[in-house]
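Remarks on the structure that follows.
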Amino acid sequence: MEGEAIRNLRRRLGITQQQLGDRLGVDQATVSRWEREVENPRPSRQKVLRSILLHDEEKRFVDRSLSIVRNDLMVSTLVDAKLHLSELSASSENYFRRRGRDPDDITGMHMRSYAERFGLPVMLDFVDESGLLTGDALMFRFTVTGNGLGNTTVWEPLFCNGEFHGIINSLVAEFEVPYSEPTVIEMAECVRTDDPAGVCPLYRGERADLVAELARRSR
């Protein structure tokens, strides 16, 4: 682990060289030498440093997600570790009301019950297939249409200490479609952890290309 990375990690944590040294069982002078790249941490201490870095990144993403929902920065919701819809942003509440759904009625609902109630019974099957809940996917995206409207949402997993903590679900596109059939999933895809530059298709319906173009035009 390079000295600059160690220094940046320590500053992100808001701790001194002495405090980082205390966590790792070394003195302040040793941490100083690491940061100046006079010497490198032993492999065992590099492993601990990477663990601290991972924990910090996970915590920052959880805090960011809470901020997005609670400060209404996006049309978004939070799902807890047991897959219950736990929190809705104010704009998300308005979004559901516009579609005739009472936010109070769906808050606390398990996502499988939610999916079945609103005509998306296989939604969580695609989520399971994506690997989102096990850390094998960075994100899951799916597009649905119904009654002349369509939307695309992105799901991102939240982890704490390597354990699944929940999901932040954000609306990224809303658009009209030239048909008024009941709710249907048009496409589902994910980004795998081991291939962050690629998008892995999980399902593409017959109208997937049309719907993708309509979603792009709405942005």
### Query
In degrees, nearest 10, range 0 to 90: what is the angle between the Cα axis of helix 43-70 and the longest Cα principal axis of the chain?
40
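Averaged per residue, what accessible area in Å² does region 34-153 show with a 1.4 Å probe, protein chains only?
About 53 Å² of surface per residue is accessible.
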## Note on the structure
If unit charges are put on Cβ atoms (+1 for Lys and Arg, -1 for Asp and Glu) and the dipole of the chain is taken about its Cα centre, the option from 197, 61, 25 lying farthest towards the positive end turns out to be 25
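Given the DSSP H assignment, sum -39500 (n - 2.57) over each helix run of at least 4 residues in the chain and divide by its residue total; what's the result at 222 nm in deg cm²/dmol, nearest 500?
Details: 9 runs with 94 residues, N = 219.
That calculation yields -13000 deg cm²/dmol at 222 nm.
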### Query
Rounded, prolate or oblate: which fits region 104-219, taking a ≥ b ≥ c as square roots of the Cα gyration tensor eigenvalues, rounded meaning a/c under 1.5, else prolate when a/b beats b/c?
oblate
### Summary
Those chymotrypsin sites (Phe, Trp or Tyr not before Pro) from region 147-190 that are DSSP loop and have at most 14 other Cβ neighbours within 10 Å turn out to be 179
### Summary
Taking 0.36 nm per residue of separation between residue 22 and residue 54 and subtracting their Cα-Cα distance, the length gained on full extension comes to 9.7 nm
### Task
With a 1.4 Å probe and every protein chain kept in, tell me what percent of the accessible surface of region 1-153 is carbon plus sulfur.
47
### Task
Let me know the charge dipole size of region 113-219 about its Cα centre in debye, to the nearest 20, where only the beta-carbon of Lys, Arg (+1) and Asp, Glu (-1) is charged.
340
### Nitroxide proxy distance, nm - points 7 Å out along Cα→Cβ at residue 183 and residue 44
5.4
### Query
If you build a Gaussian network model of the chain, linking Cα atoms that sit under 10 Å apart, which residue out of 51, 92, 65 swings the most?
51
### Task
Please work out which option in (1) 21.5, 69; (2) 18.8, 75; (3) 17.1, 52 gives Rg and Dmax of the Cα atoms in Å calculated from these coordinates, and answer with its label.
(1)
### Query
In a GNM of the chain with a 10 Å cut-off on Cα contacts, which of 63, 194, 72 has the highest mean-square fluctuation?
194
### Task
For region 79-142 and region 24-72, write down the distance between their C-alpha centroids in whole Å.
32
### Message
Please check: in the Gaussian network model of the chain (C-alpha springs, under 10 Å), which one of 24, 171, 120 has the largest mean-square fluctuation.
### Response
24
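The values are calculated or read from the model by the stated rules, or taken from the named source; none is laboratory data. Quantities reported herein were computed from a predicted structural model and do not represent experimental measurements. In this analysis, Cβ positions are derived from the backbone assuming ideal geometry, glycine residues included, and neighbour counts consider all displayed protein chains. Calculation scope for accessible area: heavy atoms of the full protein, side chains included, ligands and nucleic acids excluded. Shrake-Rupley method; radii C 1.70, N 1.55, O 1.52, S 1.80 Å.
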